[in-house]
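Asker: Please see the structure below; I have some questions.
The values are calculated or read from the model by the stated rules, or taken from the named source; none is laboratory data. Here the structure is a predicted model, which is why all the values come from computation and not from measurement. Positions of Cβ are generated from backbone atoms using ideal geometry, with glycine treated the same way; all protein chains shown enter the neighbour counts. Side chains are part of the model used for accessible areas, which takes the heavy atoms of the whole protein and leaves out ligands, DNA and RNA. Shrake-Rupley method; radii C 1.70, N 1.55, O 1.52, S 1.80 Å.
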Amino acid sequence: MPLKKLWNSLRGVTPQPKVTSEATPVAPAAKSSAQADAGAAKTPVAKTTVPVKASPAVAKAKVPPAVAKAAPAAEVPVAPKAKPASRGVLSMLSRGEHDALVKLLSKQQPSSVLEVGVGDGSRTPAIVHSLTETQPELKYAVIDQFEMVGGILKLRDFHGQLVGLSIRPSIIPEPAARGIVTVLHRLGMMDAIILDPSLDSETLTEIETVIGKVSHADTTILRQTNGKWAASASTSTTLRSNRRAA
């Protein structure tokens, strides 16, 4: 160790470094960093608007009434359309549209009745209901082709009109003349025969040729004349007691 340094260390004196007047060059990296900072200072900073969430009370107040969603109206249940009921016995009796015919038959008190042609079907239940009050064993038959020949009444609907009767009429869905022969084989002779006003002249002519098969001397033929029901005696000469059902 040099003596001067040893002496200075004993004295506690620290030697000062030599100061030079030359400027220390700036490092390239530091210069670039300084330039970047200067450029950043010159560049205007874009203002960022932070949306402020409005309180529920304020948001609700700003919504116009027209924009507000209307509450759905309560749905009112629609009642199903009632199916039109078949014209039953009680409705026929209350309206009295078959009173005249029922009155004629009630006077005669037949134990068997044949209808040739049923019309709209309301006549049958009205007659059956009236006669079975005194004739509980009444035999009743109807002949009609219903919808098979374009009739106004369907067979299914006719069955619906017979619901509630104390007896079930025999239904023969055949042409009139052939149906009369069928009635003869099934039920025998009849005490009263009703001819519907809708029967045409050709059908009536065919009926005349076979009606004697199901009628006897006491059989009553009922038909309409000028809109009124009238009874006439059968032309059959066969006595009721001597004619046996086939």
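Asker: Can you tell me how many residues within the range 194-218 are in contact with a Gly (Cβ under 9 Å, 6 or more places away or on another chain) and among the polar types (S, T, N, Q)? Spell out how you get there, then give the answer.
Answerer: Step one: filter the range 194-218 for residues in contact with a Gly (Cβ under 9 Å, 6 or more places away or on another chain), giving 194-199, 203, 214.
Retained after the next criterion (residues that are among the polar types (S, T, N, Q)): 198, 203.
Total meeting the criteria: 2.
Asker: Within the set of pairs 6 or more residues apart or between chains, which connect a residue that is open to solvent by less than 20 Å² (accessible area, probe 1.4 Å) inside the range 217-228 to a residue that is among the aromatic types (Phe, Trp, Tyr) with Cβ atoms less than 7 Å apart?
Answerer: That search, which allows pairs on different chains as well, returns LEU222/TRP229.
Asker: Restricting the range 173-202 to residues that are assigned to a helix (DSSP H, G or I) and touching a residue at least 40 places away in the same chain (Cβ under 8 Å), which is most open to solvent (accessible area, probe 1.4 Å)?
Answerer: ARG186
Asker: Would you check if VAL210 is in contact (Cβ under 8 Å) with a residue 60 or more places away in the chain, in a helix (DSSP H, G or I) and out of contact with any Lys or Arg (no Cβ under 8 Å at 6 or more places or on another chain)? Give the steps one after another, and end with the answer.
Answerer: Details: in contact (Cβ under 8 Å) with a residue 60 or more places away in the chain: no; in a helix (DSSP H, G or I): yes; out of contact with any Lys or Arg (no Cβ under 8 Å at 6 or more places or on another chain): yes.
For VAL210, the condition - in contact (Cβ under 8 Å) with a residue 60 or more places away in the chain, in a helix (DSSP H, G or I) and out of contact with any Lys or Arg (no Cβ under 8 Å at 6 or more places or on another chain) - is not met.
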